[in-house]
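Student: Attaching a single structure in structure tokens format; questions to follow.
The values are calculated or read from the model by the stated rules, or taken from the named source; none is laboratory data. For clarity, every value in this text was computed on a predicted model and none was experimentally measured. Glycine also receives a Cβ, built like all others from the backbone with ideal geometry; neighbour counts cover every protein chain displayed. These accessible areas exclude ligands, DNA and RNA; they are computed on the full protein's heavy atoms, side chains included. Shrake-Rupley method; radii C 1.70, N 1.55, O 1.52, S 1.80 Å.
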Amino acid sequence: MDLFRPIETNAPLDETIPLDRLAGLEAIIPPELVEQVLREEGKINSRDCHLSYSVLLWLVLAMGLFTDKPIRGVYRCSRAFRRERKPPTRSALCEGRKRLGTAVIHRLFLLVVCTLGTEETPGCFYQGYRLMGIDGTRFNLPDTQDNARAFGRPQGGADSTSQGAFPQVGKRSLVEIGTHVELAITLRPMNRSEQAAAPRLFSHLTPEMLL
């Protein structure tokens, strides 16, 4: 992953932690596969670009590793060992994410994510069946009218008309028990129940699985 690989190798131990995480990411997602997905989705830069589609895709993947940092912090952390010009502004990085879009990430997800458990993995199998579960969580969204209209706000509080401070989106996941791999996800607005969203995950089950 030469996009994020360091130029210097004598960095202090505590500064190599980001590199170790990114090296682990590269072991799961080969750079060649990233380039393949970008070509298939037509995300090819016609000229040299500091924020190329390849850099942007790796940046989005790195955001999953450094979840406590804003996007510019993720960029700095990922490229901390490279001698280069001043990092792009937050607005440039955000616009780059919009330019990249979601189709590339979805295609990469479909090609990479798979079950990992074996018969020896604790809690992963029962009577020969691979154990699966459905899990759910919620995420706060930026407080905009578009988000509130699309996803809604959580209800409840002092009275029946009380609403949460931020719009929220619900996520339901089909998870492999024992490894916690999320094989599929579906999103729901706050006015749709978790029970109504769960059946959208059933098509990802196979005959070897026990839900």
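Student: How big is the charge dipole of the stretch 28-168 about its Cα centre, in debye rounded to the nearest 20, if each Lys and Arg gets +1 on its Cβ and each Asp and Glu gets -1 on its Cβ?
Tutor: Dipole size: approximately 820 debye.
Student: For Asp146, what accessible area in Å² do you get when you roll a 1.4 Å probe over the heavy atoms of the protein chains, rounding to the nearest 10?
Tutor: About 100 Å², rounded to the nearest 10.
Student: So what's the convex hull volume per residue for the Cα atoms of the stretch 16-174, in Å³?
Tutor: 193
Student: Here is a follow-up. Between Ala103 and Leu211, what length in nm is gained on full extension when 0.36 nm per residue of separation is reduced by their alpha carbon distance?
Tutor: 36.0 nm
Student: Among Pro88, Gln163, Val113, whose Cα projects farthest towards the positive end of the dipole of the stretch 69-169, with charges put on the beta-carbon of Lys, Arg (+1) and Asp, Glu (-1)?
Tutor: Value computed over the given set: Pro88.
Student: Please compute the Kirkwood hydrodynamic radius of the stretch 45-113 from all pairs of different C-alpha atoms, in Å with one decimal.
Tutor: Answer for the stretch 45-113: a Kirkwood hydrodynamic radius of 12.8 Å.
Student: Of the accessible area of the chain, with the probe set at 1.4 angstrom, what percent is carbon plus sulfur?
Tutor: Solvent-exposed carbon and sulfur of the chain make up 53 percent of the total.
Student: Which of Ala62, Gly136, Tyr126 sits closest to the plus end of the dipole of the stretch 58-162, meaning its Cα is farthest towards the positive end, when Lys and Arg get +1 and Asp and Glu get -1 on the C-beta?
Tutor: Selected residue: Ala62.
Student: At a Förster radius of 22 Å, what calculated FRET efficiency corresponds to the Cβ-Cβ distance of Ser91 and Asp143, to the nearest 0.05?
Tutor: 0.70
Student: Still on this structure, please answer the following. Counting only helical runs of four or more DSSP H residues, what would the 222 nm mean residue ellipticity of the chain come to if each run contributes -39,500 (n - 2.57) and the total is spread over all its residues?
Tutor: Calculated mean residue ellipticity at 222 nm is -10000 deg cm²/dmol.
Student: While we're here: Report, in debye and to the nearest 20, how large the dipole of the stretch 107-180 comes out about its Cα centre when Lys and Arg carry +1 and Asp and Glu carry -1 on their Cβ.
Tutor: It works out to roughly 240 debye.
Student: Mind computing the radius of gyration and Dmax over the alpha-carbon atoms of the stretch 87-211? Å is fine for both.
Tutor: Taking only Cα atoms of the stretch 87-211, I get Rg and Dmax of 18.3, 54 Å.
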